[in-house]
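Here the structure is laid out as structure tokens; the discussion comes afterwards.
Coordinate-derived values only; no laboratory data. Remember, predicted model here, so these are calculated numbers, not experimental data. A quick note on method: Cβ atoms are made from the backbone with ideal geometry, for glycine too, and the neighbour counts reach across all protein chains shown.
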Amino acid sequence: MPTRSSEAIVPSFSPRLSAGGSPADAAWLFDAPGIVGIESAARDLLASTDGPAQYLLIFLLAATPLLEILVVIPIGVALGLNPLAVAVVAFFGNVVPIYGLILAHERVDRYLRARRGGRSPSKRGARARRIWATYGLPGLALSSPIITGVHVAALLALGLGSPRRSTAIWMTVGIALWTVFVTFVAVTGASILSGAL
């Protein structure tokens, strides 16, 4: 069970919502039903386990679209887990599925095209295409955790013709940079909050 102080520190909002845009810009997040419920469930699940099982859950939750590193790292740090271990495990949890998507790209692409039929791309896909047109693969990879999520960005980059190796490298760099940044912010925030409590 979480302690009273860890409950106060654990964020109950999505970092993607507070990434500097207006609520209208972030409305695409609510296309998925129950996003806040998923976050709360992840927090409760991590708080209800202990030891190595928590780190396994960090890995699995970081691999989950919509949660990824932006949500999992702050929760892990707020629960008092080792920030370096949380960062490393979350990084690998976020990167491993990307490598799997890159390896299985052709099959996934055929599936998604068949599933979508003749419908136009989603708002997230349209936003990612605009970033691609302006900044290319590096811009898409570096902004993907807050704009589209890394899974969508990797598939989009491959679908737009980016080579597999370049996609793997840039997605890894983007996830690594965001892991360091989010861990720093989570540790700093937890320190400030614990000093204020």
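Descriptive notes on the structure:
- HN-Hα J in Hz across segment 165-179 - Karplus 6.51, -1.76, 1.60, θ = phi - 60°, x for Gly and Pro: 5, 4, 4, 4, 5, 5, 5, 4, 4, x, 5, 4, 4, 5, 4
- Largest first, the three principal axis extents of the alpha carbons in segment 83-141 are 45, 28, 17 Å in whole numbers.
- Here the scattering of segment 102-174 is modelled by Debye summation over its C-alpha atoms, one equal scatterer each and no solvent; at q = 0.17, 0.22, 0.26 Å⁻¹ the log10 of I(q)/I(0) is -0.57, -0.94, -1.25.
- A protection proxy built from the mean count of other Cβ atoms within 10 Å ranks the segments 89-99, 154-164, most packed first, as 89-99, 154-164.
- Across segment 152-157, rounded Karplus estimates of 3J(HN,Hα) from the backbone phi angles (6.51 cos²θ - 1.76 cosθ + 1.60, θ = phi - 60°) give 4, 4, 5, 5, 5, 4 Hz, Gly and Pro being marked x.
- When peptides 179-192, 75-88 are sorted by average Cβ neighbour count within 10 Å, with the highest value leading, the order is 75-88, 179-192.
- Scaled radius of gyration (Cα, divided by 2.2 N^0.38 Å) that segment 70-191 gives: 1.13
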